[in-house]
Amino acid sequence: MKTVKIKETREEIAIGKVICVGRNYAEHAKEMGNEVPEEFPIIFLKTATCMINSGENVVHPLYSQNLHHEIELVLLIGKTVKNADEAEAKESIIAYAVGLDMTLRDLQFASREKGDPWTLAKVFDTSGVLSEFVLKEQYKINGSEKIVLKVNNTVKQSTTLNTMLFNPVEIVKNISARMTLEKGDLIFTGTPAGVSKVVRGDKLSGYIENIGNIETTII
């Protein structure tokens with residue numbers, strides 16, 4: 001069973017569903033040739049078995065030639081919630097982390113052209129990297145926090161969280177209207193512009209200001 005770690009505590013929480021939001025930053029939607037969503041962005045799923053901790057290695061699958069990095073704010077849900085209003089959505093988020101949603105872009109594009117799901121581009125082992133979680137009691141996000149990803153010390157992604165089209169509370173409200181959220185569920189909230197190909201040997205490092213740091217090596 002995969003668990004998440006809570007900073008400055010010994011608590012570990014079993015990971016439930018891993019829900020990912022796509023196209024939640026306008027510039028990333030544009031760089032991928034997609035329309036900027038006017039309503040809630042698309043969502044897709046990863047699995048708990050995909051997840052590894054910061055410091056562990058991402059294993060580049062042999063069946064792909066185009067692996068991309070996507071740094072994201074990750075929400076940890078702490079209670080069961082369905083059809084949440086704003087107050088319930090806000091209360092259900094108990095912690096934040098930095099995440100990497102590693103994506104096999106060649107498989108994703110091929111699936112999109114056929115009208116097939118993106119599943120195989122998103123769920124390979126080690127495709128999700130997580131930092132420790134910071135409890136909301138310890139730090140409350142205000143949107144001005146920088147989110148940055150470097151490849152071999154070169155900045156590739158950099159913006160602030162307030163450039164998200166939908167903020168964390170809006171995301172939880174929208175998702176909970178479509179499916180029940182439970183304690184241990186993770187929500188990857190989307191990635192900013194600047195995604196790019198990585199290859200074996202590349203070292204990735206990133207952070208979200210006041211939330212945490214993340215690092216991994218592609219092998």
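The values are calculated or read from the model by the stated rules, or taken from the named source; none is laboratory data. Because the structure is predicted, anything quoted here is derived from the model rather than measured. So basically every Cβ, Gly included, is an ideal-geometry build from the backbone, and we count neighbours across all protein chains shown.
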>> It is to be established whether one or more residues within region 41-49 are closer than 24 Å to Gly184 by Cα, crowded, with 16+ Cβ neighbours inside 10 Å and modelled with pLDDT under 85.
In response: yes
> Inside region 62-89, can you point out the residues that are of a type in the set (Asp, Glu) and not in a loop (DSSP other than H, G, I, E, B)?
Replying inline: Glu72, Glu86, Glu88
>> Return the pair list, or none, for Cβ contacts closer than 8 Å from residues in region 137-150 that are in contact (Cβ under 8 Å) with a residue 24 or more places away in the chain and under 21 Å from Glu91 (Cα atoms) to residues that are part of a loop (DSSP other than H, G, I, E, B) and basic (Lys, Arg), at least 6 apart or on different chains.
In response: Gln138/Lys7
> Among the residues of region 95-126, how many are closer than 30 Å to Ile6 by Cα and over 16 Å from the mean Cα position of the chain (by Cα)?
Replying inline: 1
> In region 78-117, what residues are under 30 Å from Thr217 (Cα atoms), in contact with a Lys or Arg (Cβ under 8 Å, 6 or more places away or on another chain) and touching a residue at least 24 places away in the same chain (Cβ under 8 Å)?
Replying inline: Ile93, Ile94, Ala95, Tyr96, Asp101, Thr103, Leu104, Arg105
>> I'd like to check which strands (runs of 3 or more DSSP E) are fully inside region 180-219 and have at least 3 residues that are farther than 22 Å from Thr49 by Cα and within 14 Å of the chain's Cα centre (by Cα).
In response: 203-208
>> Out of everything in region 90-102 that is out of contact with any Asp or Glu (no Cβ under 6 Å at 6 or more places or on another chain) and assigned to a strand (DSSP E or B), what residue ends up being surrounded by the fewest Cβ atoms within 10 Å (Cβ to Cβ)?
In response: Ile94
> Gln157 versus (1) of a type in the set (S, T, N, Q); (2) surrounded by 16 or more Cβ atoms within 10 Å (Cβ to Cβ); (3) not in a strand (DSSP E or B): which is the lone unmet condition?
Replying inline: (3)
> Does Val81 count as more than 18 Å from the chain's Cα centre (by Cα) and buried (at least 17 other Cβ atoms within 10 Å of the Cβ)?
Replying inline: yes
